[in-house]
Amino acid sequence: MAVTETAPGEAMAEHTAVEEPAATRSAHEGILRRQSARESAARTYARALPIVPVRARGLTIEGADGRRYLDCLSGAGTLALGHNHPVVLEAIRKVLDSGAPLHVLDLATPVKDAFITELFRTLPPGLADHARVQFCGPAGTDAVEAAFKLVRAATGRNGMLAFAGAYHGMTSGALEASGDAFDVRVARLPYPQDYRCPFGVGGPHGAELAARWTESVLDDPKSGVPLPAGMILEPVQGEGGVLPAPDAWMRRMRRITADRSIPLIADEVQTGVGRTGAFWAVEHSGITPDVMVLSKAIGGSLPLAVVVYRDDLDVWEPGAHAGTFRGNQLAMAAGTATMAYVRENGLTERAATLGARMLDQLRGLSREFSVIGDVRGRGLMIGIEMVEMVEGEGEGEGWGVAGTGGSNGPDETGRSGGSDEDRGAAGLLGSVGLSSADDAGPVVMPGSTASPRPASPELAVAVQRECLRRGLIVELGGRHASVVRLLPPLTITDEQATAVLDRLADAVAAVARGHGRGAG
């Protein structure tokens, strides 16, 4: 279907029955027109979300036109506690009122000391006791660049290993390791997934094949891939489509890299600080990476990026990596407050419990509407993949009507896909595949899973637009930008979660009906 651009203000017309004053509407639309005329063509979120935020608190944003929205974008995962959380504001005010310098380069300050102390309190076992911290530029991509420089200096090697579907940032080195790179100087490996498994099998078998491919690339002298300086991976691929890595596969990558003296870099920029139901997503699998790159929520809503790594990798000379704004005092104070609040108030456990409940309800929606091909996620990092409809296939009218579309039940990581028969075979073969921490033995391949339907970026855009009309802000991502993504703050209440799911369900129903399909 053809998707046309929505004029400023038009997308929200159904959100309220009260017409905003003409002066308010004019000011709102004037700001949007000036943005379009003066800002770069590279702007992204502003195109799909023609709103002008003026106030925000928690999950809620109020626009210049007076309309309110539930924000499940959360600064692309930056706002662990939502907008303007009181503990964050208090931490920032305390620094401002103290007269402390706001710009200190990399000098030691009480604010930085408190931040590092709180950060080390949260680090995975095995890393905190032997860790060093490098503050770099203020974005996640800066931390990725620093991590690459670090492992290259430590190993004396140059190449990097990354995974299909990855996203590590927009600077040149980080972009080369990302899934949409066009000038590739990084060896690319398969990342396990169920719904669109590159080997057509999914489950533990697909993950096993991905792991064996990695071993083959590294051990085959004719693979064309020399021993690299490091491997970088996301425990959950975010921009790649919300793909949680199987825990056993993560352990396998840890063994593969450790056995070959390859530093393992975990990109926790979006998954960190409780987002996935553990403080750091690597904790689900129990591994300890050699390097972690952190940003987004680590700054408590303000710009901050950090590289944490094993002390034996700390071979840099003074000044080998720097950055003028690496001593952001306000961000460190906000980050300390955020980490402490998440830790002290059990928000990681809350993310795990509420995220599982939301995933379960969304899978019910996927059985009702066949435009949903797959539902997956971990904690409060959730993805709904939109797919093309089958000709002549009906759709239900309301939430909870049983149907035949959508994905199958989840595995322990919150992923789904494959038939009951295939998943049964997967369980039978788990003892010789990746379900064990031990090295996997031979795998007997079951029948492949049914081919998924083509991704539908048009339907994803339509769902995002219908959500906005209903006062819900969602993100798009994944292959072909066909995945509707939810990244609500960890402070979201049960009532707010219900409102989010109700609005999303209503948006999906409207899009399905709009494609001329009858009721199921």
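The values are calculated or read from the model by the stated rules, or taken from the named source; none is laboratory data. Keep in mind that this is a model prediction, so the values were computed, not measured. With ideal geometry, Cβ positions are generated from the backbone for all residues, glycine too; neighbour counts draw on all protein chains shown. To get the accessible areas, we keep the full protein, side chains included, count just its heavy atoms, and leave off ligands, DNA and RNA. Shrake-Rupley method; radii C 1.70, N 1.55, O 1.52, S 1.80 Å.
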Residue, modelled with the lowest pLDDT, within the range 217-265, restricted to residues that are hydroxyl-bearing (Ser, Thr, Tyr) and open to solvent by 30 Å² or more (accessible area, probe 1.4 Å): Ser223
Leu347 being in contact with a helix residue (DSSP H, G or I) (Cβ under 7 Å, 6 or more places away or on another chain), open to solvent by less than 50 Å² (accessible area, probe 1.4 Å) and modelled with pLDDT of 95 or more: no
Evaluation of Arg343 against (1) farther than 22 Å from Pro488 by Cα; (2) part of a helix (DSSP H, G or I) (one fails), failing number: (1)
Output for the range 42-86, where each listed residue is in a loop (DSSP other than H, G, I, E, B) and hydrophobic (A, V, I, L, M, F, W, C): Ala42, Leu49, Ile51, Val52, Leu59, Ala64, Cys72, Leu73, Leu79, Ala80, Leu81
Sole residue being touching a Phe, Trp or Tyr at 6+ places or on another chain (Cβ under 6 Å) and of a type in the set (Val, Ile, Thr), chosen from Val87, Val95, Val111: Val87
Cβ-Cβ under 9 Å pairs, at least 6 apart or on other chains, the range 64-91 side among the polar types (S, T, N, Q), far side surrounded by fewer than 18 Cβ atoms within 10 Å (Cβ to Cβ) and modelled with pLDDT of 95 or more: Asn84/Arg55; Asn84/Ala56; Asn84/Arg57
Test: Tyr309 is of a type outside the set (D, E, K, R) and open to solvent by 10 Å² or more (accessible area, probe 1.4 Å): no
Filtered residues of the range 116-150 (kept if surrounded by fewer than 19 Cβ atoms within 10 Å (Cβ to Cβ), within 16 Å of Gln329 (Cα to Cα) and touching a strand residue (DSSP E or B) at 6+ places or on another chain (Cβ under 9 Å)): Ile116, Val133
Per-region count, the range 277-312, residues among the hydrophobic types (A, V, I, L, M, F, W, C) and assigned to a loop (DSSP other than H, G, I, E, B): 7
Pair list, Cβ < 6 Å and 6+ apart or interchain, from the range 230-257 residues that are closer than 30 Å to Gly75 by Cα and assigned to a strand (DSSP E or B) to residues that are among the basic types (Lys, Arg) and open to solvent by 10 Å² or more (accessible area, probe 1.4 Å): Val236/Arg378; Pro244/Arg378; Pro244/Arg415
Residue in the range 335-342 that is open to solvent by 10 Å² or more (accessible area, probe 1.4 Å), more than 25 Å from Lys112 (Cβ to Cβ) and in contact (Cβ under 8 Å) with a residue 12 or more places away in the chain present: no
Residue within the range 382-402 that is modelled with pLDDT under 95 and open to solvent by less than 20 Å² (accessible area, probe 1.4 Å) present: yes
Subset tally (residues that are farther than 18 Å from Ile265 by Cα, of a type in the set (D, E, K, R) and outside any loop (DSSP other than H, G, I, E, B)) for the range 198-229: 3
Extreme residue, nearest to Thr493 (Cα to Cα), among residues of the range 49-65 that are among the aliphatic types (A, V, I, L, M) and either more than 30 Å from the chain's Cα centre (by Cα) or surrounded by fewer than 18 Cβ atoms within 10 Å (Cβ to Cβ) (or both): Ala56
Residues that are open to solvent by less than 10 Å² (accessible area, probe 1.4 Å) and closer than 19 Å to Leu79 by Cβ, drawn from the range 452-483: Cys467, Leu468, Gly471, Leu472, Ile473, Val474, Gly477
Residue within the range 266-276 that is of a type in the set (Ser, Thr, Tyr), part of a loop (DSSP other than H, G, I, E, B) and surrounded by fewer than 24 Cβ atoms within 10 Å (Cβ to Cβ) present: no
Single residue of the range 103-136 satisfying the filter (outside any helix (DSSP H, G or I) and of a type in the set (Gly, Ala, Ser)) that is modelled with the lowest pLDDT: Gly126
